[in-house]
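Input: a single structure, listed below in structure tokens.
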Amino acid sequence: MHRFYLPSVPLGREFPLPQEDSRKICRVLRIAPGNEILLWDATGREYCALITRRDGQRVFARVLAERNTDVEPDLRVALVQGIPKGDKFEFIIQKATELGVWRIYPAVTERTVVRIPPEKRRKRLERWRVIAREAARQCGRVCIPEVMDISPLEEIWTGIEPDALKILLWERETCGLKEFLRGNSPPSHAPVYLFVGPEGGLSEQEVERGRTYGAGGVSLGPRILRSETAGLVGLSLVLYEWGDLGG
């Protein structure tokens, strides 16, 4: 069944769907009145709705019932990702959303090559947030991960909850992430933050600075992973060992 996102889903009455969704239903999907679709909103609720009629290129619907969903991990995991070159960050957002990430922080680090001018940041963030929303729609999630503002790594450190678990993915560490996860218990209420550098990784100074904020360093094994791979592997391992990934 096709899914569509609305910031708020009206209940108890017929309502028009947004123009973009209406055009897609009419021209691409060709869903006729009398068929059902799924709607989900900013509160994380999902509904079964009936397409009631079409008025030109505008589609109208009515909610039939709320659906019970259990697709979001209880463990909140944030990915603090040094911005890599090219369109790799878009790939990271898409795949991290599919895996179950809670928040994504685009971080400017010492080795970040990409410098996004302030006048272009709003448009870039809008695009990244659309990618997160579409990835959430495609994979059946009911919560869209937050893509935070582009910020220097130091600002991100200072804004993190004091009781959060902070993990630095650094290739020079001797303790592996798998070993760390199996030797510890997940936090009961606090989130987990994974820190990943851009191309070239985090610098030694950044790692040491992270330790002053209570972060621990781990490696992902004997091979050097690309920036766009490392964060997704770390996220997968955390949600596999401590979350719901893998069933």
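The values are calculated or read from the model by the stated rules, or taken from the named source; none is laboratory data. Since the model is a prediction, treat every value here as computed from it, not as a measurement. Here the Cβ is made from the backbone with ideal geometry for all residues, glycine too, and neighbour counts use every protein chain on show.
Filtering region 36-52 to residues that are surrounded by fewer than 15 Cβ atoms within 10 Å (Cβ to Cβ) and farther than 16 Å from Ser8 by Cβ leaves Glu36, Cys48, Thr52.
Of all residues in region 1-34, none satisfies the criterion of being in contact with a Gly (Cβ under 9 Å, 6 or more places away or on another chain) and aromatic (Phe, Trp, Tyr). Filtering region 124-131 for residues that are β-branched (Val, Ile, Thr) and either assigned by TED's automatic domain parsing to the domain that holds Pro191 or farther than 17 Å from Arg3 by Cα (or both) leaves a non-empty set. Taken over region 155-172, residues that are assigned to a helix (DSSP H, G or I) and either loosely packed, with under 14 Cβ neighbours inside 10 Å or at pLDDT below 95 (or both) amount to 3. Restricting Asp55, Asp87 to residues that are surrounded by fewer than 20 Cβ atoms within 10 Å (Cβ to Cβ), at negative phi and touching a Pro at 6+ places or on another chain (Cβ under 9 Å) narrows the list to Asp55. Can you find even one residue in region 228-237 that is in the same structural domain as Val114 (by TED's automatic domain parsing) and in a loop (DSSP other than H, G, I, E, B)? Scanning region 228-237, I find no residue that is in the same structural domain as Val114 (by TED's automatic domain parsing) and in a loop (DSSP other than H, G, I, E, B), so the answer is no. What do you reckon, is Asn68 surrounded by fewer than 19 Cβ atoms within 10 Å (Cβ to Cβ), of a type in the set (S, T, N, Q) and touching a Leu at 6+ places or on another chain (Cβ under 8 Å)? Criteria not met by Asn68. Would you call Glu199 within 21 Å of the chain's Cα centre (by Cα) and in a loop (DSSP other than H, G, I, E, B)? Against the criterion (within 21 Å of the chain's Cα centre (by Cα) and in a loop (DSSP other than H, G, I, E, B)), Glu199 qualifies.
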